[in-house]
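S.K.: I have a structure here, written as structure tokens, and I will follow up with some questions on it.
The values are calculated or read from the model by the stated rules, or taken from the named source; none is laboratory data. Bear in mind the structure is a predicted one, so any value in this text is a computation, not a measurement. Cβ sites come from the backbone with ideal geometry, for glycine too, and all protein chains shown count toward neighbours. Side chains included, ligands, DNA and RNA excluded: accessible areas come from the protein's heavy atoms. Shrake-Rupley method; radii C 1.70, N 1.55, O 1.52, S 1.80 Å.
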Amino acid sequence: MAITNLNNVHLTAAQVTAATTALSGLETALAVVNVNLSAEDRQRYGSINEQNKLLVNKTMDYHNNQPALQTPHVNWVEFANDFTSRNNMESMISRLESLVTRLKNAKVLHDYDNYQAALDDYAYTNFMAGTATPGYETKMTELKQFFSKRSTASATTPPTV
């Protein structure tokens, strides 16, 4: 017998509304930094790797602690603004990625529970269709389309009664 109801924690309507409102607020707050890059632009500008981040961090360290050694050809105010923005965005991205992972994990469990319940319902529908109870044969025919004729995985095999 399959394990079911792996996640019995459900958001209330008020919690869904609060989360949706918070996401809308976040989208609004971050709209000013939204930039659409083409695939070519993304490839051209890319993301600096860890070694290059160390270079940027060390350059910022020299800028802050030994400004006499910095080139006059760099706009250091903009460099510092970019540095701060990059750090802020990296922190936000990390938190958002963690949140996305947790939401995906919860969704996986709800998906699994729904699928197992649907399989149980299909098995019951097959049984009831065999008893000629009105409506079940039509339901069985409509649900049967979701199961392949030749099953290679037990997850897609309708349960037998």
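S.K.: If you go through region 68-88 one residue at a time, how many are outside any loop (DSSP other than H, G, I, E, B), open to solvent by 80 Å² or more (accessible area, probe 1.4 Å) and either farther than 25 Å from Gly46 by Cβ or touching a residue at least 24 places away in the same chain (Cβ under 8 Å) (or both)?
M.R.: Residues that pass the stated criteria total 2.
S.K.: Being assigned to a helix (DSSP H, G or I), of a type outside the set (S, T, N, Q) and over 30 Å from Leu143 (Cβ atoms), is that true of even one residue in region 10-18?
M.R.: Yes, there is a match, as at least one residue in region 10-18 is assigned to a helix (DSSP H, G or I), of a type outside the set (S, T, N, Q) and over 30 Å from Leu143 (Cβ atoms).
S.K.: With respect to Val32, determine if the residue is over 30 Å from Ala117 (Cα atoms), part of a loop (DSSP other than H, G, I, E, B) and either modelled with pLDDT of 95 or more or out of contact with any Leu (no Cβ under 6 Å at 6 or more places or on another chain) (or both).
M.R.: So Val32 does not fit the description; no.
S.K.: Take Asp120 and decide whether it is touching a Pro at 6+ places or on another chain (Cβ under 8 Å) and part of a helix (DSSP H, G or I).
M.R.: Considered against the rule, which asks whether it is touching a Pro at 6+ places or on another chain (Cβ under 8 Å) and part of a helix (DSSP H, G or I), Asp120 comes out as yes.
S.K.: May I ask you to list the residues in region 90-114 that are open to solvent by 80 Å² or more (accessible area, probe 1.4 Å), more than 27 Å from Ile3 (Cβ to Cβ) and not basic (Lys, Arg)?
M.R.: Passing the criteria: Glu90, Ile93, Glu97.
S.K.: Please verify whether region 16-29 includes one or more residues that are open to solvent by 70 Å² or more (accessible area, probe 1.4 Å) and in contact (Cβ under 8 Å) with a residue 24 or more places away in the chain.
M.R.: No - not one qualifying residue is present in region 16-29.
S.K.: Tell me, please, whether a residue that is surrounded by fewer than 10 Cβ atoms within 10 Å (Cβ to Cβ) and on the phi > 0 side of the Ramachandran plot can be found in region 36-53.
M.R.: yes
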